[in-house]
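Peer 1: Sharing a structure here in structure tokens format.
Any read-out appearing in this document is the output of simple, stated calculations on the displayed coordinates, not a laboratory observation. Predicted model, so just to flag it, every value in this text is computed and none were measured. Every residue, glycine as well, gets a Cβ built from its backbone with ideal geometry; the counts of neighbours run over all protein chains shown.
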Amino acid sequence: MTSIEKQDLRNLTQEGLIEYVESLGQPGFRGKQIMGWLYRPGISEFSQMTDLAKVFRQVLAENAYLSQFPDPILEKASDGCVKFGFRLDDGHIVESVLIPEPDRNTLCISSQVGCAMGCTFCLTGTMGFIRNLKAAEIVNQICGVRDYLLGESPDSLIGPTRVTNVVFMGMGEPLNNLDNVLDSLSIMTEQKGLDLTPRRITVSTCGIVPKIREMGEKSTVNLAISLHAVDDSVRSKLMPVNNRYSIDELLEACRTFPMPKRKRIMFEYTLLQGINDSDQDARILAEKLQGIPCKINILGYNECDALPYRSPSRNRLMAFQRILIDANYTVFIRSSRGSDISAACGQLATGLKNKAC
């Protein structure tokens, strides 16, 4: 007798839940009832879903389950950032980073184990690609951090007791796992799900051009582009994806990206000393971004011994910023957070110590 492979209900959007309960002979509205329970803190068993009939709860227990990430591995930075290592069912670890501020908690989440893109300045790229994350494995990162925040004393927290903002800037290239990312976004923004507003969610890509428009047509979350160079030869050395999709192709995809009028694309630009940080680079960047509603984040490189790049001086960052501001762009110098625990941008590579919560 073969055993039934149980369905993880946290992999399903609300529409998917409706279809699933109908396959069990139940009316579709039961799917909405289940969605109302799945993402409440402390809910781990179907027996807790008290507005469902006991017989149906038993049917669910026999055919489905609710995944979660218990006992994360934790590292805390001196600036208040917390890096989480979540163990997956197959033994791999995926990392997320909580970046607290007084008025918000931004969570940087992963979409893949490892990364296939091979950006030469990113430690995650040295891992290679292992696999895509399922929708449940993406949303459970948020649930795991939410549960951590609820378990802490409010007086000990820098920010609120909940995750307020989510950025897909952790391990992996989100657009190479677009179906699961879109399902996770549906769950995040569903009122009965995690109830996050799309304007507080950002998906970052290194430039998978064919998928950019598809994401814009299927979701209203924010788009961020990891650009990091203005010359194709330089960008191709830094980011092999540029050999498939040139800078001009990428920027054309941004110009045609479906977006509400007052929304803007965020361009991320990491300055590498002597490589992409000259005044001329800044002037070319200002020229290339013309006609794209955007804002620009520039940041110094987060140095690590395993990679050869260095960060320019603060004065160089400010001079680069000034050229862009004078060209009428909104430009932020983003400060590095969590670098002392390898939690800053480009440093996630499952280097967590085996230290349970």
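Peer 1: Using a Gaussian network for the chain with springs between C-alpha atoms less than 10 Å apart, which of these wobbles most: Val55, Val82, Val163?
Peer 2: Top of the fluctuation ranking is Val55.
Peer 1: Quick check on the chain: helices-only [θ] at 222 nm, where DSSP H runs of length 4 and up contribute -39,500 (n - 2.57) each and the sum goes over total residues. Nearest 500, please.
Peer 2: Using -39500 (n - 2.57) per qualifying helix, the result is -9000 deg cm²/dmol.
Peer 1: List the lysines whose alpha-carbon lies under 22 Å from that of Lys76, not counting same-chain residues fewer than 8 positions away?
Peer 2: Lys353, Lys355
Peer 1: Also, quick follow-up: Using a 10 angstrom cutoff on alpha carbons, build the Gaussian network for the chain and name the most mobile of Asn180, Asn63, Asn165.
Peer 2: Between Asn180, Asn63, Asn165, it is Asn63 that shows the largest mean-square fluctuation.
Peer 1: Here is a follow-up. Comparing Gly114, Gly31, Gly207, which has the greatest mean-square fluctuation in the GNM of the chain with Cα pairs linked when under 10 Å apart?
Peer 2: Ranking Gly114, Gly31, Gly207 by mean-square fluctuation puts Gly31 first.
Peer 1: Another one. Normalised by the residues of the chain, what does the relative contact order come to in percent, with Cα pairs under 8 Å and at least six apart?
Peer 2: Taking the mean separation of contacting Cα pairs over the length of the chain, I get 17 percent.
Peer 1: Which entries of Lys83/Lys295; Lys83/Lys192; Lys32/Lys54 show an alpha-carbon separation above 21 angstrom in the structure shown?
Peer 2: Lys83/Lys295; Lys83/Lys192
Peer 1: Please report Phe320, Phe332, Phe46 as a ranked list, fewest other C-beta atoms within 10 angstrom at the top and most at the bottom.
Peer 2: Going from least to most buried by this count: Phe332, Phe46, Phe320.
Peer 1: Estimate the FRET efficiency between Ser233 and Tyr65 by the formula 1/(1 + (r/R0)^6), using the beta-carbon distance for r and 51 Å for R0, to the nearest 0.05.
Peer 2: 0.50
Peer 1: Please compute the contact order of region 126-228 in relative form: average sequence separation of alpha-carbon pairs under 8 Å and at least six residues apart, divided by the residue count, as a percent.
Peer 2: 25 percent
Peer 1: Further question: May I ask you to derive the relative contact order of region 7-65, considering only C-alpha pairs under 8 Å and at least 6 residues apart, and to give it as an integer percent?
Peer 2: Rounded, it is 34 percent for region 7-65.
Peer 1: Quickly rank 72-79, 186-193 as a protection proxy: mean count of other C-beta atoms within 10 Å, highest first.
Peer 2: Highest-to-lowest ranking by the protection proxy: 186-193, 72-79.
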